Amino acid sequence: MTVESTLELHDVSKHYGKDIIAVNGFTQRFASGSYVCLLGPSGCGKTTTLRMIAGHETTTTGDIKINNNSVTKLPPAKRGTAMMFQNYALFPHLNVRDNVAFSLKMRGTDKPARHKRADELLDMVDMGSFGDRLPDQLSGGQQQRVALARALITEPSVLLLDEPLSALDPFLRVRMRSELSRLHDELGITFVHVTHSQDEALALADTVVLMNDAKIEQAGTPTEIYNQPRTEFVARFMGGHNVIELSGERFAVRSDHIRLDKNAHDWPATVSFVEFLGSTVEVTVQREGCADITATLKDDVFQQQPLAIGDSVGVEWAQSAQHKLV
Ligand code: ADP
Ligand code: MG
């Protein structure tokens, strides 16, 4: 079964008062069944964008369409969207089953039917045996799953998630990441997931929208965003890149594409820092009149020619590894 779930934002902006522009001219079309990550530093407009899609916030300009119908003026419950909040916001006095069934109760669905549906969704998020518990009898990860089931019970065509993993410890975060992926595949609807973590966006998204200062800085597949950063901001935010300026041109070179050779002298530099990271070693080198350059070397490559602070090395990279920035 395929569910139609295209999402389109056209020139969407949000102003607060005269001075604050939270979102500035957001235009993007997401195909049905996309996994979209809105990525960017704190304050760049991610949550505001999500809240406008959900209808919890009005737009100042622009139009939002779901399945080719404008929803810009519709109330949240009429949009076919559902939102999962950062803090889960479960009702503390309702048991898990009634938390999940809540929206159906509001819609007047009778108790046996809404409980049956709630139990099905709890099964889907692996919480089938927890229906009678109260939220404070659950771990953070379990509350998270309940919040997901609660959002999904309205059968949205677009699921909106605001920093859904940020309250979890690192181990659970990685596990929930694969759960979200599985759920997305199973449901076939569009997910829009807000995060400030590059790793999370690269791991989950088929479309990454990197925002900076209320605007889209770059949108594309994870590979495009990572391998072809358009600007210095993208290269630096995604990490793993050096921004190098040579004869008036500026470009990005992935740090794992940099080679260091004690016996080469074409482009000499001095080792200023060495950090062992397990399977790789990060070596930072300095050269006069140039920003520091970091090379990520495979552990075995490093061991063939160990480097220490103060060593002189030649810095090399292939022409094809240079990526020009605007
Ligand atoms: P993000 O989720 O990327 O951290 P937000 O969308 O929450 O960013 O906020 C974007 C900008 O809009 C910030 O500068 C924030 O302070 C401002 N902002 C958000 N909500 C309001 C509001 N209700 N009133 C005034 N300014 C707001
Ligand atoms: Mg936010």
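The values are calculated or read from the model by the stated rules, or taken from the named source; none is laboratory data. Note that the structure is a prediction, hence the values are computed from the model and not measured. No Cβ is skipped: glycine too gets one built from the backbone with ideal geometry, and neighbour counts run over all protein chains shown. When the accessible area is computed, the model is the full protein with side chains, heavy atoms only, and any ligands, DNA or RNA have been set aside. Shrake-Rupley method; radii C 1.70, N 1.55, O 1.52, S 1.80 Å.
When the distances between all Cα atoms of the chain are binned every 20 Å from zero, what whole-number percent does each bin get?
28, 46, 23, 3
How large is log10 I(q)/I(0) at q = 0.17 Å⁻¹ when the Debye formula is applied to the Cα atoms of the stretch 59-147, each weighted equally and without solvent?
Each listed q corresponds, in turn, to -0.78.
So for each of 283-293, 141-151 I average, over its residues, the number of other beta carbons within 10 Å; can you give me the resulting order with the highest mean first?
Numbers: 283-293: 14.9, 141-151: 23.1.
Ranked from most to least packed, the peptides come out as 141-151, 283-293.
Net charge within 11 Å of residue 318 by Cβ-Cβ distance, Lys/Arg positive one each and Asp/Glu negative one each, not counting residue 318 itself?
+1
Run lengths n ≥ 4 of DSSP H only: what is the helix-derived mean residue ellipticity at 222 nm for the chain, with -39500 (n - 2.57) per run over all residues, to the nearest 500?
-8000 deg cm²/dmol, from helical runs alone.
Could you derive backbone 3J(HN,Hα) for the stretch 69-85 from the dihedral phi with the Karplus parameters 6.51, -1.76 and 1.60 (θ = phi - 60°), listing whole Hz in sequence and x where the residue is Gly or Pro?
Working through the residues one at a time gives 10, 5, 10, 3, 9, 7, x, x, 5, 9, 9, x, 10, 9, 10, 10, 8 Hz.
Over the heavy atoms of residue 35, what accessible area does a 1.4 Å probe trace out, to the nearest 10 Å²?
It works out to around 0 Å².
Find the accessible area per residue for the stretch 191-311; the probe is 1.4 Å, ligands and nucleic acids are left out, and the unit is Å².
50
Taking K and R as +1 and D and E as -1, what net charge do the other residues with C-beta under 14 Å from the C-beta of residue 35 add up to? Could you put the intermediate results ahead of the total?
Values: positive: 177, 182; negative: 179, 185, 186, 200, 206.
It works out to a net charge of -3.
Just to confirm a number: summing +1 for Lys and Arg and -1 for Asp and Glu over residues other than residue 76 whose beta-carbon lies under 11 angstrom from that of residue 76, what do you get?
Values: positive: 51, 78, 79; negative: 57.
So the environment of residue 76 carries a net charge of +2.
At q = 0.24 Å⁻¹, work out log10 I(q)/I(0) for the stretch 160-258 with the Debye formula, treating every Cα as an identical point scatterer and leaving solvent out; two decimals please.
The Debye formula, applied to the Cα set alone, gives -1.29.
When the accessible area of the chain is split by element with a 1.4 Å probe, what percent falls to carbon and sulfur? Can you show the working numbers first?
Working: 7820 of 16100 Å².
C and S atoms contribute 49 percent here.
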